[in-house]
Amino acid sequence: MTDRDTPDQLRELPLAGIPLERADARRNRQRILEAAAELVGERGLAEVTMDEVAARAGVAKGTVFHRFGNRAGLARALVDQSERELQEAILRGPPPLGPGGAPGDRLVAFLGALLELVADRLDLLLVSDYDHPGQRFETGAYRGWVQHMTLLLREAGAGPLPVGLAHSLLAPLAADLVQHRLRTGATTEELKAELARLARSVLIAKLFT
């Protein structure tokens, strides 16, 4: 899949829905995100208040609420950078995650990379994904991941219903399920191996349908 063939949803994911803005507004936004990332890294999201973020960033509390709405909005913006880095690796990175690899290998690599992202940003995703019912499925990132996987499944000849298969393969990556599995003894590497086996099973099943 070339960049020309890549769907708009993946080329330019509307991950945080950031409109064009003035230079001073961009600087304020960056200062807030840097302050929030520092505080979250020090104590975890659950222990950080919007007041503390504003104080660390040197902006008014109202500025933080105006830009991000609530802690879920702030969490989504913090996850955004990691999602954009994964997007860049898919579009222009080396195979098997990036272009040039076999579709099945790219699918397995993508699921593993996304699991690493979820595990690394788990506390943020638990807030941002479940701010209201169905929030996770409404994000630009999720739509982009489904589109990317649908194309790979089609290229691999996975048979009918590739969109449904994409959703099904993403289901084990829900933040609350990943948290449960890690808390009950599974390792990230074990979860990656399970996802790889699941993806390979989907591709093998085309031989029997």
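Quick note: the coordinates plus some simple rules give every number you see, no bench work behind them. Just so it is clear, the structure is predicted and the values come from calculations on it, not from any experiment. All Cβ positions, glycine included, derive from the backbone under ideal geometry; neighbour counts span all protein chains shown.
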* Provide the convex hull volume over Cα atoms per residue for the stretch 159-209, in Å³. => 67
* Once you have the Cα-Cα distance between Glu42 and Ala186, take 0.36 nm times their residue separation minus that, and quote the gain in nm to one decimal. => 49.3 nm
* At what distance in nm do the modelled label points of His167 and Leu198 sit from each other, each positioned 7 Å from its Cα along Cα→Cβ? -> 1.5
* Structure fact -> Here the stretch 39-47 yields Karplus 3J(HN,Hα) values (6.51, -1.76, 1.60; θ = phi - 60°; whole Hz; Gly and Pro given as x) of 5, 5, x, 6, 10, x, 4, 4, 9
* Structure fact -> Taking the chain and counting helices only, DSSP H stretches of n ≥ 4 at -39,500 (n - 2.57) each over all residues, the nearest-500 ellipticity at 222 nm comes to -21000 deg cm²/dmol
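Between Ala205 and Asp176, take the C-beta separation as r, use R0 = 25 Å, and let me know the FRET efficiency to the nearest 0.05.
0.35
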* How much length is gained if the chain between Thr49 and Arg26 is pulled fully straight, taking 0.36 nm per residue apart and subtracting their Cα-Cα distance, in nm to one decimal? -> 6.1 nm
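Work out how much length Asn70 to Ala89 would gain on full extension: take 0.36 nm times their residue separation and subtract the Cα-Cα distance, in nm to one decimal. Intermediate values should be presented prior to the final figure.
On the way: separation 19, 0.36 × 19 = 6.84 nm, distance 2.98 nm.
Full extension of this stretch gives 3.9 nm more.
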* Peptide ranges 112-122, 134-144 listed from the most packed, as the mean C-beta count within 10 angstrom indicates -> 112-122, 134-144
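If you take the Cα Rg of the stretch 8-208 and divide it by 2.2 N^0.38 Å, with N the number of residues, what do you get?
On the way: Rg = 18.2 Å, N = 201, 2.2 N^0.38 = 16.5 Å.
Relative to the 2.2 N^0.38 Å estimate, the stretch 8-208 comes out at 1.10.
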